[in-house]
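Since every read-out is calculated from the coordinates, none of them should be taken as a lab result. Predicted model, so just to flag it, every value in this text is computed and none were measured. All Cβ positions, even for glycine, are placed from backbone atoms using ideal geometry, and neighbour counts span all protein chains on display.
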Amino acid sequence: MLIEEKYHACVEGLASFARGIGMTDAVIGLSGGIDSSLVACMCVDAFGAEHVHGYMLPGPYSSEHSLVDAQELALNLGIRAERISIGKPFEAFVDVLGDHCIMARGLAAENTQARCRMTVLMALSNAHGWMMVNTGNKSEAMMGYSTLYGDTAGAYAPIGGLYKTDVFAMSRWVNEEALCKEGRILIPERVLTKPPSAELAPDQRDEDTLGSYDELDRLLIDYCERGMGRSALIAAGYDAAEVDRVKNRVDSYAFKRALEPPFPAIEYGLN
């Protein structure tokens with residue numbers, strides 16, 4: 001599939017799902033990152049800008065430039081973006097749990113921040129009758145790089161079938177299309193160039209945990225989409241230790257993927 005075909009499949013999947021459950025409006029968390037930026041573009045195409053409700057949800061490690069990027073994206077798309085800090089809710093969890101587990105750092109602290117964001121978005125969804133749209137991609141889902149009941153939440157995941165390298169390629173395509181048709185880009189340039197980060201810990205970078213997305217996606221597609229086993233992957237030139245690392249993570253996080261929202265099927269077959 002061409003990148004534009006994948007984009008239209010994602011938008012139509014989102015729009016069709018919303019129609020099927022009778023939803024006319026979407027609520028989305030705007031992090032200033034590439035995943036939520038691309039999903040926001042899809043939401044505008046699926047629902048119309050006036051029916052997309054964006055929320056910036058800064059936490060203790062959110063960078064100011066991410067908030068600026070999210071606001072610029074919202075202005076470009078013509079959607080409203082409001083700001084609700086998760087600082088106080090997270091501090092309340094730290095206070096309550098502090099005697100029972102370490103909350104100053106580590107996995108519990110990081111996942112609790114993600115779940116605070118989910119709680120805010122779900123409250124808005126319940127209060128206004130908006131459909132919460134998930135912003136997760138397939139690379140991170142396959143590697144279990146997500147938070148159960150946090151960033152795995154939502155009614156539908158329009159980019160849930162896209163690997164991260166396609167998220168980047170599709171975002172560039174969106175900008176090229178907008179530049180050609182409207183003389184401007186939609187997704188801020190810095191969103192396309194800055195290192196992806198969940199911003200749940202100091203100086204966090206996603207590729208520090210996952211490895212290079214370019215290399216990871218090639219391996220994931222060969223293993224998950226083309227069905228190549230360990231021996232075939234190593235024979236194809238992949239490092240044995242990396243094959244084992246990725247394969248083990250993909251296999252061990254199947255339980256988490258089973259709880260993620262539906263997404264459009266995107267083909268990654270043999271070339």
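Summarising the overall dimensions of the stretch 92-209 from its C-alpha atoms, the Rg and Dmax are 16.9, 57 angstrom. A Cβ-based charge dipole, computed about the Cα centre of the stretch 1-72 with Lys and Arg at +1 and Asp and Glu at -1, lands at about 220 debye. Taken along its three principal axes, the alpha carbon spread of the stretch 161-209 comes to 39, 23, 13 Å, from the longest extent down to the shortest. For the peptides 69-77, 47-55, 18-26, 100-108, the ranking by mean Cβ contacts within 10 Å, running from highest to lowest, is 69-77, 47-55, 18-26, 100-108.
Here's how it looks for H53: its modeled amide H is under 5 Å from those of A26, V27, I28, which are all 5 or more places away or on a different chain.
Remark: the stretch 225-242, residue by residue, has Karplus-estimated 3J(HN,Hα) of 9, 9, x, 6, x, 4, 5, 5, 5, 5, 5, 7, x, 6, 5, 4, 5, 5 Hz, where x stands for each Gly or Pro and the curve is 6.51 cos²θ - 1.76 cosθ + 1.60 at θ = phi - 60°. Entry note: the chain has Rg to Rh equal to 0.96, where both radii use alpha-carbon atoms and Rh is the Kirkwood radius. Both radii were evaluated on the Cα set of the stretch 1-58; the Rg over Rh quotient, with Rh as the Kirkwood radius, amounts to 0.99. Applied to the stretch 129-139, the Karplus parametrisation 6.51 cos²θ - 1.76 cosθ + 1.60 on θ = phi - 60° returns per-residue 3J(HN,Hα) values of x, 9, 8, 7, 9, 7, 10, x, 10, 6, 4 Hz, with x for Gly and Pro. Over all pairs of distinct alpha carbons, what does the Kirkwood formula give as the hydrodynamic radius of the stretch 56-100, in Å? Result for the stretch 56-100 stands at 12.0 Å. Could you pull out the pairs from K138/K194; K164/K247; K88/K138; K6/K181; K164/K256; K6/K194 whose alpha carbons sit more than 26 Å apart here? Beyond 26 Å: K88/K138. Its Kirkwood hydrodynamic radius, worked out from the mean inverse distance over all distinct Cα pairs, puts the stretch 140-271 at 16.5 Å.
For the stretch 20-96, what class follows from the C-alpha gyration tensor (a ≥ b ≥ c being the square roots of its eigenvalues): rounded when a/c is under 1.5, otherwise prolate if a/b is larger than b/c, else oblate?
Judged from the Cα gyration tensor, the stretch 20-96 comes out oblate (a/c at least 1.5, b/c at or above a/b).
Projecting the Cα atoms of A236, P202, L216 onto the charge dipole of the stretch 195-271, computed from C-beta unit charges around the Cα centre, puts A236 farthest toward the positive end.
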